[in-house]
Amino acid sequence: MEGDLELDDALVLDNVSDEAVLKQAHEEGRPVVVRAQSADAVKAALARPEVACVVVPETKRDLLELDLTELTYG
């Protein structure tokens, strides 16, 4: 849940569309955190090896209950 984690020096992004930024942060050893508003956004973020975690807003608490295996593999 967004706001529950100390993100310190993590790079916090709204999506994973900028591959160059993701790769640079990863090469620097900087954790990448992505905000997600939907199941598809969670899936897209977690599919990227550079992404350390995904945070969701309080209003989307139901995303915490996603079955990631089912979402990924069907």
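Once a ≥ b ≥ c are taken as the square roots of the eigenvalues of the Cα gyration tensor of the chain, is the result rounded (a/c under 1.5), prolate (a/b larger than b/c) or oblate (a/b not larger than b/c)?
Values: a/c = 2.17, a/b = 1.34, b/c = 1.62.
Taking the square roots of the gyration eigenvalues as a ≥ b ≥ c, the chain is oblate.
What ranking of Lys60, Lys43 emerges when the number of other C-beta atoms within 10 Å of each C-beta is taken as an exposure proxy, fewest first? Don't jump to the answer; show the numbers that get you there.
Working: Lys60 18, Lys43 15.
Fewest-to-most ranking of Lys60, Lys43: Lys43, Lys60.
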Report the FRET efficiency, 1/(1 + (r/R0)^6), for Arg61 and Asp8, where r is their Cβ-Cβ distance and R0 is 30 Å, rounded to 0.05. 0.80
Give me the dipole magnitude in Debye, nearest 20, for the chain about the Cα centre, with unit charges on the beta carbon: positive for Lys and Arg, negative for Asp and Glu. 180 debye
If you average the alpha carbon positions of segment 40-55 and of segment 2-24, how far apart do those two centres end up, in angstrom? 10 Å
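Just so you know, all these numbers are worked out from the coordinates, no wet-lab data involved. Values in this document were obtained by computation on a predicted structure and should not be read as measured data. Virtual Cβ from ideal backbone geometry, glycine too; neighbours counted across all protein chains shown.
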